[in-house]
1. Order by neighbour count: R32, R61, fewest other Cβ atoms within 10 Å first, most last.
2. What does the extension gain come out to for K292 and I268, with contour length at 0.36 nm per residue minus their alpha carbon separation?
3. Among D222, D402, D148, which comes first, second and so on when ranked by fewest other beta-carbon atoms within 10 Å?
4. Provide the percentage of antiparallel DSSP beta bridges, counting only those with both residues in the chain; round to the nearest 5.
5. Each label point is 7 Å from the Cα along the Cα-to-Cβ direction; what then is the distance between the points at D94 and Q299, in nm?
6. Using the Cα gyration tensor of the stretch 248-302, with a ≥ b ≥ c the square roots of its eigenvalues, what is the shape: rounded (a/c below 1.5), prolate (a/b larger than b/c) or oblate (neither)?
7. Any idea how far apart D377 and R61 come out in nm if each label point goes 7 Å out from Cα toward Cβ?
8. Using a Förster distance of 41 angstrom, determine the FRET efficiency expected from the C-beta separation of Y323 and E73, and round it to 0.05.
Amino acid sequence: MTGPHFLRYCRDMVRNIAILGSTGSIGANALRVIEALGDEFRIVALAARNSIDLLAGQVRRFGPSYVAIANPEKAKPLKALIGDQACDILTGPDALSEIASLEEVDIVLTAVVGAAGLPAVLRAAEMGKTLAIANKEPLVIAGQLLTDTAAEHGATILPVDSEHSAVFQAMHAGQSEDVKRIILTGSGGPFRKARPEDLQQVTLEQALNHPTWDMGPKITIDSATMMNKALEIIEAVWLFGLPAEQIDVLIHPESVIHSMVEFVDGSILAQMGTPDMTVPIQYALTYPRRCKGLAKPLQLEKLGCLTFETPNPEVFRSLKLVYDVIRQGGSAPVVFNAANEVAVELFLTGQIPFHQIVELIEDCLSRHSETPCPTLDALLQVDAWARRTVKETLKLSFLARDSAEKV
Ligand code: MG
């Protein structure tokens, strides 16, 4: 992939990258991108939670100086797999933070699903690193804390989420004060045409069958509930400094326009391309330049037409809920995110039906009175409370159902 044209533009400096979550789909795509970009980028560190076979293969291929495995029980087997390759193995609760704050690391690409990567992201911000953020939690849970920390220490936050990358690119066409609104697009997932009552019968297989994007199970379910888009609204608030009322969601089933920015003069700028995460990953890594990429070119003539719909708020209740969550602020987004994480896991493991995901989130939010969350500890306490509460609520509802059946 590294032709002479490409080399002329990209070989001016070497940038050192740490990837947090290298064995997930974003991490694997990032490694493909970096490999194709050639020796302008060097993988200094890789980190994963459990997948030692995949991680060991990545270590052999990319030769990082450090590798972190979050699960301490996996450290020894990982060492055995890596063999005599020179690479420091870090493990335990601080391993990700150690990786993210390594002196020689310039760019931290963070793609750890859930709240687990949060301390490492904040640590990287404190160290003034360039942060390429692919997972939603850092901005959703800790938007205020992270953006404040980044501003204080001169860290740069670059979006990798495809919608926010699109908005970020379109924003370059004007001044931020001239933005009228952001339009986040979403495919609408597998239940775009569903009626509210149809959601009662949804199977796991149907929910995991995303029409356009190939992603991990958690984010695929988030697309089916459009919780993904709700979380992206919160992300956009922090990334672009706009009030939630200026951020709209539009269903666009072809997933070719990755999002748009409307300016006050009525111009709408859209970023388009084939749905391929290597594009936003690469843009975050090479920003502000553009390099030859891996994605197939978009052939609009083959598509013929692009369509748009307003999401049905009765089917996608998360999209209604999120504006209240943003209005409440403080700990409310933490509860919103944590309750969803637990509910999705319960659905993926067959413990609740699909429609109960949003019900559990609504219920958890109604039991919560929001507080300011100025520190990571405060955030994590609320996060733990929400997780506990969802599980306890579910247990109580099972008990109530069982005793009702006995009567
Ligand atoms: Mg997205």
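Every number in this text was worked out from the coordinates using simple rules, so none of it is lab data. These numbers were taken from a predicted model, which means no experiment stands behind them. Here the Cβ is made from the backbone with ideal geometry for all residues, glycine too, and neighbour counts use every protein chain on show.
1. R61, R32
2. Numbers: separation 24, 0.36 × 24 = 8.64 nm, distance 2.58 nm.
Using 0.36 nm per residue and subtracting the Cα-Cα distance, I get 6.1 nm.
3. On the way: D222 24, D402 9, D148 13.
Starting with the residue having the fewest Cβ neighbours, the order is D402, D148, D222.
4. On the way: 10 of 41 bridges.
Here the antiparallel bridges make up roughly 25 percent for the chain.
5. Output for this residue pair reads 5.5 nm.
6. Values: a/c = 2.02, a/b = 1.30, b/c = 1.55.
Oblate.
7. 4.2 nm
8. Working: r = 42 Å, r/R0 = 1.04.
Efficiency, rounded to the nearest 0.05: 0.45.
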